[in-house]
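The values are calculated or read from the model by the stated rules, or taken from the named source; none is laboratory data. Predicted, not measured: the structure shown is a model, and the values here were computed from it. All Cβ positions, glycine included, derive from the backbone under ideal geometry; neighbour counts span all protein chains shown.
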Amino acid sequence: MKLLFCLFNYFPYGGLQRDCMLLAKACLAAGDEVDIITQSWTGPKVPGITVHCIPVRGWANYQKCNNFTQYVLTFIKKNHYDGVIGFDKMPGLDIYYAAGAYRSKAQGLLSFLPRDRTYEYLQQSVFSSLQKTHILLLTKTQQDIFIHHYATATARFHMLPPGIDPNRRLAVPRAKKTLLDQKNILFIGSSFKNKGLERALRAVASLPKEVRTITKLWIVGHDSLMPYWFLIKQLGLSKQIKFIGASDDVPQLLQHADILLHPAHLELTGTVLLEALVAGVPVLTTAACGFADYVKASGAGKVIQDPFSQAALNQALQEMLSPDELHHLQEKALDFSKTADVYRMPEVAVELIHEILTNIAS
């Protein structure tokens, strides 16, 4: 099959972007011809995959997104594809891979703003009961949200297992740390605000002095730390912070991390939670993450329930850093990496893509 993958921007550090490339490679390996169309591309390109990079104009991001979607519709009409698969919400899709953020409908006067009208239009173009787009899901929570807001037909949803690289699994069990050993907390996110960096900083600052002084917070992500420096100094954390920035070494960082701290405000999935667990790293996160249920079921971490409580996060972090508790959680994570069904997403997705497109064509 000849397939077109669509997404607004590609960079190698975003979870959505990694999933797009994972599926593109899987389809290519299955014998499909794969093109990708995007506004911008950062990073190396994959041999065998044709990339159409279309920089569009617009004063604001929502204008660029809207203009890009209109360009894609014209592009599809001029070029024959057996299937169009989107990783961002836009019209003209046969299949939408639902791992991007969902924007709540604006209320009152806000609903008349051009920005909110545009994003609502893009969501309607995928989820509306009048559309026929099939939707690949990673969590049941996503399906419930879409049906609640748009009355989307249940038959249009298709559930996928998570797609974690089995090579991320921990090779050997971790050695137990003592009270005096340095503890490394890892924070990863391409949007520090949404991923809850301020919450993470306050949690580290709340640790007892004797624990805080031997604790490092490694901050990794495609974002700027500048807006947080005043808070870091105010909390007295300058010596505890190690800013790594965007990095290809996340698997290596996980091998040396003791805890993944991910107190996100809202995340439909949260692949990094599973990447940490299979690497033997306990996870402290929030119920706002779709994959938080895996953390809870594994017993290899803690989930802060809604409504969010900073005090609860602070207490949970302190408890998890206790040497005995930390070692217990690491053993649970190791058990999870051996038994959890979190590695098959690419294979299942390719089968579903072929099945859906064959049914559409018949």
The range 194-242, residues that are outside any loop (DSSP other than H, G, I, E, B) and within 18 Å of Ala312 (Cα to Cα): Lys195, Leu197, Glu198, Arg199, Ala200, Leu201, Arg202, Ala203, Val204, Ala205, Val211, Arg212
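Could you please find all residues in the range 186-241 being among the small types (Gly, Ala, Ser) and crowded, with 19+ Cβ neighbours inside 10 Å?
Gly189, Gly196, Ala200, Ala203, Gly221
For residues in the range 1-13 being under 22 Å from Asn61 (Cβ atoms) and buried (at least 20 other Cβ atoms within 10 Å of the Cβ), which is nearest to the chain's Cα centre (by Cα)? Step through it out loud before you land on a result.
Initial filter on the range 1-13 (under 22 Å from Asn61 (Cβ atoms)): 5-13.
Still in the list and also buried (at least 20 other Cβ atoms within 10 Å of the Cβ): 5-8, 10, 13.
Values: Phe5: 18, Cys6: 17, Leu7: 15, Phe8: 15, Tyr10: 14, Tyr13: 10 Å.
In this case the residue turns out to be Tyr13.
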Among (1) part of a loop (DSSP other than H, G, I, E, B); (2) modelled with pLDDT of 95 or more; (3) out of contact with any helix residue (DSSP H, G or I) (no Cβ under 8 Å at 6 or more places or on another chain), where does Phe68 come up short? (1)
Of all residues in the range 263-305 being hydrophobic (A, V, I, L, M, F, W, C) and touching a Pro at 6+ places or on another chain (Cβ under 6 Å), the one that is nearest to Asp165 (Cα to Cα): Leu274
Those residues of the range 277-318 which are of a type in the set (D, E, K, R), free of Cβ contacts under 8 Å to residues at least 60 places away in the same chain and surrounded by fewer than 18 Cβ atoms within 10 Å (Cβ to Cβ) amount to Lys296, Asp306
I'd like the full set of residues that are under 14 Å from Phe5 (Cα atoms) and either hydroxyl-bearing (Ser, Thr, Tyr) or not in a loop (DSSP other than H, G, I, E, B) (or both), limited to the range 41-57. Trp41, Ile49, Thr50, Val51, His52, Cys53
